[in-house]
Structures are given as structure tokens and as C-alpha cells.
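Report on the structure given below.
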Amino acid sequence: MLRIDVALSSARRQRFEVPESSKVGDLKSLAQKSFGKGFLKLVTTQGKVLSDPDKSLQAAGLQDEDHLTAIVQEGKLAATSQAFALWCCGGDRIVTWSRSDGSSDFSGGDSSQIQARLKAVQEVKATDRAFAAILADGSVVAWGDIDPGGDPYDFADEDYFTPRDVQQVQANDGAFAAIRTDGSVATWGSNLFGGRSLEVQDQLRNVLHIQATSRGAFAAIKEDGSVVTWGNSQCGGDSSSVRDQLRGVQQIQATGGAFAAIRADGSAISWGDPSCGGDSLAVQDQLRNVLHIQATSDGAFAAIKEDGSVVTWGQPNCGGDSTWVQDQLRNVLHIQATADAFAAIKEDGSVVTWGNPHDGGDSSDVKDQLRNVLHIQATSDGAFAAIKEDGSVVTWGQPYCGGDITGVQDQIASL
């Protein structure tokens, strides 16, 4: 037996006695259960991270009476239309899953070919069928279907499209847009979705943030609070009708075909396809003191106000009508969305859902499990995944879109 001391902090230490044949993953699982933390990184006194769960403790250089430090990591989720990617910031591994029926996967659910290239993952974003991960060195690793961005170096012969020195990435259904460290922008993926930004390339300087409508438009906020849009003109790519009002913009959110912007004074304005939330006149008087806006891709917005209340507009059956849960929408901290359903995390860690019941709007089957929730992510086609304080993951919605997690429970436990 090996006796290994693991310290979560100066006040929390635990000695584990494990067989000499045990693996790193076995010790990590014991530490996770003992400390009640789901994502831990084990570090030796020499500063070496024990990152391979399948390596034996002896092969990892551990001896009897050794001491380790357990560092708590935050689990994060990204999603294509039918696949999830679970990762920890700074980690060298990503767990992906998708269809539960065993059929061929072209949605990014298979990341086996790129795992060896993942070093210190900082961020992961997704189009409809591809993921893109930013690494610590500013490079990008992508996988999934090539046309919607699975190959970030498809335009490598044209320098302004090449993703290098990347700080942030945003995506719609068919293209990615990345902000470089100098404030310029690189785009790749389908030209129909804004993957080529030639018409506005000269304006894409000093960019701070980018948002996208899923049907093919991007909107970039610059340092001076002005906004540059490109891509599908009918889905928000043309902002000429509100150009004079797009000043002092601090945040932008998008449905499938419309954008909504929060200005410095807390007011909000929308543009794009009216049927997708581009027309907010009916609730304009309520759009004051807005802190954050979330959107379903099929056409509804939800705005969180300073008092924790929520205002919704857009397609009623896609989450634009929150009447039946309005009394519960108090003290809301965060909101996440599928194509046509919302899920809100409240201050007490509970969750409220509304919208299409089949695509995550009805969470009654897992209601008792949705406590102490820290983070929620969603696949656009209809499933939610929630990470709880203890590191466990709860899913609901369409099983074939990521709502069924049974096949990767063991991998999540060892992450």
C-alpha cells in the first residue's frame, strides 16, 4: 500500500492508503469524493501535474509518504447542435459526447484525433458541427465538420483569415470569428455565414467583443462603443437602420436572426429579423437597467435586470413568453438557452426553465437534482447540461442531442 497525503488547502488534508497498482485516476477519484469537489488537479511538491489518469502511481513517480496538492478547477461546457465538450481551463484534455444511438458522428462529438494537440486549453467555442479550442500560446485547434469551421487553416494563404495570437473566439452555425491580441479579427468557415469578412476588414480594428446570429451574421463591438456587422444581411448583418443608435454599446446578444445590444445607460435595442426578436417595441419601456441578455437561437430574447427580474420578447413558443414562470423569475443570476427554451440559475442555485418543453423547457424529471447549480450549457438542438457544486453533471432535454449522459459518466468522474 502507498500512503499519499493530499492537501486541498492548508486547512483540509487527507491521507489515502491505496494499492501500489493504483492509477492516478483512482487517487483523483478518491480525493474528489473526500473533498466533495468534482474537478481537481493533483500537483507534486516539485510542481509536476499528474495529468494522465491511466498512468500508475509508481510510473508517475509517487512513493510512500509523498505529499500532493489538489487544485480545484472549474469545469466548463461548450456545445454544437448535437454534441457537448467538457473541459477545464488550462487542462490538456477535452471530454466530448453526442449521439446516444451509436450512429455516425459529424457534430464534433469525436475528439480523439486532436487530443494529443491540446495543451493548456483556454477556451472552447462551437459552430453547428465543429468545435474550436484556443490554447495558451494563442493557436487554435478545431475538429468536426470542415465546412463550418472544423479546419481553422483553410484560408491560411490569406493572412487576415489566419487564427494566430487569438484571445477570443465567437461562432455562428457555420463560421468562427477570432479576436487577436492586437484587436484585429480573423474569420474562417462558410462564406455564407460570415467566414470571409473582406467587406469590413478595414473596420475590424480595436475590437473588444464579437457576437453572432446563428443563421450567419457577426457583430463586433469596438473600443469606442461603435459596432461593425457583416454576414447575412437579413439576420443582423445589416445594421444600417439602427446605426445612429449603436453608440456606447457594452454587450450584444443574438438569436438566430437578430441582435440585441445593451448600451452604457442600461437601455437595450434590437435589430435584424423581426420574427426572431429584432423588434422589441412591445417591451421597450421595460428594457431599462438591463445587466445581461440571453437568447434562444430560434427567436427569443431574455433580459436580466439589475433587480434580478427577467423581461422576454420574440417568438412566444421559443421562450419569448415567460408568463407561466414569471413569478419564479426573481433573483436570477444567469440564463442559458437551447434553440427554443431557456434555463435560468437563481441566487440559491436552483433552476427555472421555460419555452419548448421537448427541447429543455420542461426540467421536471430532474427538478430534484437541480440544486446548487454553478453553470449551465446547452446544445442548440435541444438539451441542457448543468454542473453542480460537487462536480456532478445533470442533463435534460432531447437525449440524442446530449440530454443522455450515461455513456460518459466514468470519464467525467476522472476529468
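Quick note: the coordinates plus some simple rules give every number you see, no bench work behind them. Everything numeric here is computed off the predicted structure, so don't read it as measured data. Here Cβ is always computed from backbone atoms with ideal geometry, including for glycine, and neighbour counts include all displayed protein chains.
Structural remarks
- Selection among GLN326, PHE16, ALA260 by position relative to the dipole of the chain gives PHE16 as farthest towards the positive end (Cβ unit charges, Cα centre).
- With Rh defined as the Kirkwood radius, the inverse of the mean 1/r over Cα pairs, the Rg/Rh of the range 2-72 is 0.90.
- Of the cross-linked pairs LYS33/LYS367; LYS305/LYS367; LYS28/LYS388; LYS37/LYS119, those separated by over 20 Å at the C-alpha level are LYS33/LYS367; LYS305/LYS367; LYS37/LYS119.
- Range in the chain, longest, excluding exposed trypsin sites (Lys or Arg not before Pro) [loop by DSSP; at most 16 other beta-carbon atoms within 10 Å]: 56-118
- Size of the chain: Rg and Dmax of its alpha carbons, in Å, are 22.1, 72.
- Contact order, relative form, for the chain: 10 percent (alpha carbon pairs under 8 Å, 6 or more residues apart, mean separation divided by residue count).
- Residue-averaged [θ]222 nm for the chain, counting only DSSP H segments that reach four residues, each worth -39500 (n - 2.57): -1000 deg cm²/dmol
- By the beta-carbon count within 10 Å of each Cβ, the least crowded to most crowded order of GLU199, GLU389, fewest first, is GLU199, GLU389.
- Rounded, prolate or oblate (a/c below 1.5 giving rounded, otherwise prolate when a/b exceeds b/c) for the range 75-205 by Cα gyration tensor: oblate
- Taking other C-beta atoms within 10 angstrom as a stand-in for reagent exposure, LEU246, LEU2 fall in the order LEU2, LEU246, fewest first.
- Magnitude of the charge dipole, the chain, Cβ model with Lys/Arg +1 and Asp/Glu -1, debye to 20: 1020 debye
- Taking other C-beta atoms within 10 Å as the exposure proxy, THR296, THR406 rank THR406, THR296 from fewest upward.
- Set of aspartates and glutamates with alpha-carbon distance to LYS125 below 12 Å, sequence-local pairs under 8 removed: ASP173
- Nearest-0.05 FRET efficiency for LEU291 and ASP182, computed from C-beta distance (R0 30 Å): 0.50
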